[in-house]
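Notes follow once the structure below has been shown.
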Amino acid sequence: MCGAELTELPEGVQRVARALQEAGHPHLPVMLDAAARTAQQAADALGIGVGQIAKSIIFRRQSDDAAVLVIASGDRRVDEKKVDALVGKTGRADAEFVKATTGFSIGGVSPLAHAQPPVTLIDRELFRFEEIWAAAGHPHGVFKLRPQDLQALTGAPVADVVQAPA
């Protein structure tokens, strides 16, 4: 992808594409025909297991109003108590907070290229997979990567931050 294609993409996807290009990542965002606001929708559109979707969940740290980004496998539920033990007490982040701190709307929050750098955690369950997909800044935008790439691109630690599977 050269610069000309970037101008045809939504602004959030352009930011993600630039960040991926600057990092030398081999896979740039692709736009899906249908919105993939949930991990299940994204998995269905890509023809992969829902666990291979790296979902980005934003929390609001109570002590300083910082955005806390938890990147978890689409088939797992984030355990807020585990997150709080690592980063301090958090609470729900509403759509306005998410947009203001990340620059992305809920349903398209990318794990990188945020408006303000968040406190980020990557759940270790993502490392069950060779290949994963993440949102690229828009409900129709996604990009392919490996869990190791996600760690390299974000610089975030890998931790146990999900509930045990039922």
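All of the numbers you see were taken from the coordinates with simple rules; none came from a lab. Here the structure is a predicted model, which is why all the values come from computation and not from measurement. Reconstructed Cβ throughout: ideal geometry from the backbone, glycine too, with neighbour counts over all protein chains shown.
Phi angles of region 21-30 translate, via the Karplus equation with coefficients 6.51, -1.76, 1.60 and θ = phi - 60°, into HN-Hα couplings of 4, 4, 7, x, 5, x, 10, 8, x, 10 Hz per residue; Gly and Pro are given as x.
Taking every DSSP bridge with both residues inside the chain, close to 70 percent are antiparallel. Dipole orientation for the chain: of the candidates ALA152, PRO118, ALA36, PRO118 has the Cα lying most toward the positive pole (charges on Cβ; Lys, Arg +1; Asp, Glu -1). Entry note, the chain: the mean residue ellipticity at 222 nm calculated from DSSP H runs of n ≥ 4, each adding -39500 (n - 2.57), is -8000 deg cm²/dmol after division by the residues and rounding to the nearest 500. Dipole magnitude for the chain: computed about the Cα centre from +1 point charges on Lys and Arg Cβ and -1 point charges on Asp and Glu Cβ, it is near 340 debye.
Take the Kirkwood radius over Cα pairs of region 32-74, plug it into Stokes-Einstein at 20 °C and 1.002 mPa s, and you get 187 µm²/s for translational diffusion. Which stretch or stretches of region 78-98 have amide N atoms under 19 Å from the point lying 7 Å from PHE127's Cα along the Cα→Cβ direction? Of the residues in region 78-98, 78-79, 82-83, 86-87 have backbone N under 19 Å from the label point off PHE127. Toward the positive end of the charge dipole of the chain, about the Cα centre and with charges on Cβ (Lys, Arg +1; Asp, Glu -1), which of GLN14, PHE129, VAL162 goes farthest? It is VAL162. What lysines does LYS81 reach when the alpha-carbon gap must be under 17 Å and sequence neighbours fewer than 8 apart in one chain are set aside? Output for LYS81: LYS89. When only the Cβ of Lys, Arg, Asp and Glu is charged (+1, +1, -1, -1), the dipole of region 113-158 relative to its Cα centre reaches about 40 debye. Fully extending the segment from THR38 to ARG146 would add 36.9 nm, taking 0.36 nm per residue of separation and subtracting the current Cα-Cα distance.
A Gaussian network model of the chain, with springs between Cα atoms under 10 Å, assigns the largest mean-square fluctuation among HIS138, HIS27, HIS114 to HIS27. Positive end of the dipole of region 39-91 (Cβ unit charges, origin at the Cα centre): among GLY47, LEU86, VAL70, the Cα lying farthest that way belongs to LEU86. Pairs of alpha carbons in region 3-159 separated by more than 21 Å make up 40% of all such pairs. Between SER110 and GLY137, the built amide H atoms are under 5 Å apart, and every one of these is 5 or more places off in sequence or on another chain.
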